[in-house]
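Reviewing the structure listed below.
The values are calculated or read from the model by the stated rules, or taken from the named source; none is laboratory data. None of these values were measured; they are calculated from a predicted model. All Cβ positions, glycine included, derive from the backbone under ideal geometry; neighbour counts span all protein chains shown.
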Amino acid sequence: MEPQTVVLKHGEADRVIAGHPWIYQGAIRKLTGNPADGAVVIVKDHRSRFIGTGFYNSKSKIAVRVLAHEQVEINETFFEQRIRQALDVRKRHMPNATSFRIVNAESDFLSGLIVDKYEDVLVIQISALGMELRKSQIITVLQKLFAPRAIIERSDVASRRFEGLDPVEGVLTGELAGPVRANINGLIFETDLLKGQKTGLYLDQQVNYAHVAGLVSKLPQPNVLDCFSFVGGFGLHCARAGAAHVHMLDQSADAVAASLHNAAVNGLADKCSAEAVNVFDWLSTHAKTRPHEKLVPKFDLIVLDPPPFTRNRAAVPNALRGYKEIHVRALKLLRQGGVVVTFCCSHHVDARTFKDVILSAAWDCRKILRQIAAYTQSPDHPVIPMIPETEYLKGYAFELVR
């Protein structure tokens, strides 16, 4: 029987050989073997030389997701080997973490699969047809390797529709009643894995929480403003590190309630307050002055960790205006010698552009900043340089010189 094969056009193989797993429909010269959607195919270059094995899907713009650069059988053994390799990376770089991302899709050469661990509960998210058709094999491997109390599915991402898939959510194995308590750097965060954002928490900031807490410990009992605080990740770490007070802002009333609950769970309630507000409006209101009135800044550290302002390149100019505006407003509220810690989680805004926006905001405010740190995503969200899509989170800490 002739193998199901995808032959690429001239010049289209280089990117795949270099490590990028996506092959678009327009890169294909011909198909042999009439592969079904979700089937395993062999990928060859224009001279019919073998370059990889992957999943095929005629319904998707990403026609093939390459999983290996050798001929392998995509079965339970394959998934176990790949997931063990991913786990080894986490054990090396985050040896003390008990809640973390086990599999980060393309970063771990398992395109279309995310697996998060919240103590003894796992959450999976599948965004590719090939993975969807092998879900039972993946679940079997996860049960074998982790023996979780429950496995939850949160395959509710919009990208599933591009693969011809409907959203799926629910408990796959075991039982789960109520929120799960996750230990993040020694702090307890309760999260509803069935209803919360993403797959539960923003695990990609886990290492940065500790880094920012380290900045707090160098300031004399600072007043901290945590903008876009979600369930209190940065805020609670700052409170524990010695902040005199932390005020948290988020548009979601549920997130604000969760942040205050988490503060109480960790014995930090007396140091924390929170508001459910539009963060832009709050910053604007508190940065305004009446004629001839001088604004007196009252925060020693301000954290800006907004959701992505753009998910496509067309909207980047508007996103940059949004990023600049929050920095203009925040810098007006920062005391001299204070620190602004700021993040951008949009893949379409690179680190250099993001920094330029911050410096442009500082110029508008006639402020001078000193960069004291740069940040990226936690090691459980690995960056593969040849796959630019794996690098999305960037951040900086700036000290206000004057």
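Being under 17 Å from GLU391 (Cα atoms) and either in contact with a His (Cβ under 7 Å, 6 or more places away or on another chain) or of a type in the set (Gly, Ala, Ser) (or both) is the filter here, so list the residues in region 87-122 that pass it.
Once the filter is applied, which keeps residues that are under 17 Å from GLU391 (Cα atoms) and either in contact with a His (Cβ under 7 Å, 6 or more places away or on another chain) or of a type in the set (Gly, Ala, Ser) (or both), region 87-122 yields ARG101, ASN104, ALA105, SER107, SER111, GLY112.
Would you please list the contacts, defined by Cβ atoms under 7 Å and residues six or more apart or on different chains, that run from a residue in region 104-116 that is more than 20 Å from LEU193 (Cα to Cα) and outside the structural domain of ALA150 (by TED's automatic domain parsing) to a residue that is charged (D, E, K, R) and not in a strand (DSSP E or B)?
If the second residue must be charged (D, E, K, R) and not in a strand (DSSP E or B), no pairs are left.
Might you let me know whether region 6-25 holds any residue that is modelled with pLDDT of 95 or more and closer than 22 Å to ILE124 by Cβ?
yes
Say we look at region 91-143 and pick out the residues that are aromatic (Phe, Trp, Tyr) and either touching a Phe, Trp or Tyr at 6+ places or on another chain (Cβ under 6 Å) or part of a strand (DSSP E or B) (or both); which of these is surrounded by the fewest Cβ atoms within 10 Å (Cβ to Cβ)?
Checking each candidate, the answer is PHE100.
Which one is surrounded by the fewest Cβ atoms within 10 Å (Cβ to Cβ) among residues in region 205-239 that are touching a Cys at 6+ places or on another chain (Cβ under 9 Å) and among the β-branched types (Val, Ile, Thr)?
Out of the qualifying residues, it is VAL216.
Looking only at region 128-146, decide whether some residue is of a type in the set (Ser, Thr, Tyr), modelled with pLDDT of 95 or more and either in contact with a Cys (Cβ under 7 Å, 6 or more places away or on another chain) or within 22 Å of ALA39 (Cβ to Cβ) (or both).
yes
Sort through VAL180, VAL171 and tell me the only one that's surrounded by fewer than 17 Cβ atoms within 10 Å (Cβ to Cβ) and over 18 Å from GLY112 (Cβ atoms).
Checking each option against the conditions leaves just VAL171.
Taking ALA244 as the residue in question, decide whether it is farther than 29 Å from MET94 by Cα and under 24 Å from the mean Cα position of the chain (by Cα).
Judged against the criteria, ALA244 is not a match.
Based on this model, can you work out whether ALA397 counts as surrounded by fewer than 17 Cβ atoms within 10 Å (Cβ to Cβ) and over 19 Å from VAL279 (Cα atoms)?
No; evaluated as a whole, the condition is false for this residue.
Any idea which residue in region 19-37 is surrounded by the most Cβ atoms within 10 Å (Cβ to Cβ), counting only those that are within 13 Å of SER58 (Cβ to Cβ) and among the aliphatic types (A, V, I, L, M)?
Out of the qualifying residues, it is ILE23.
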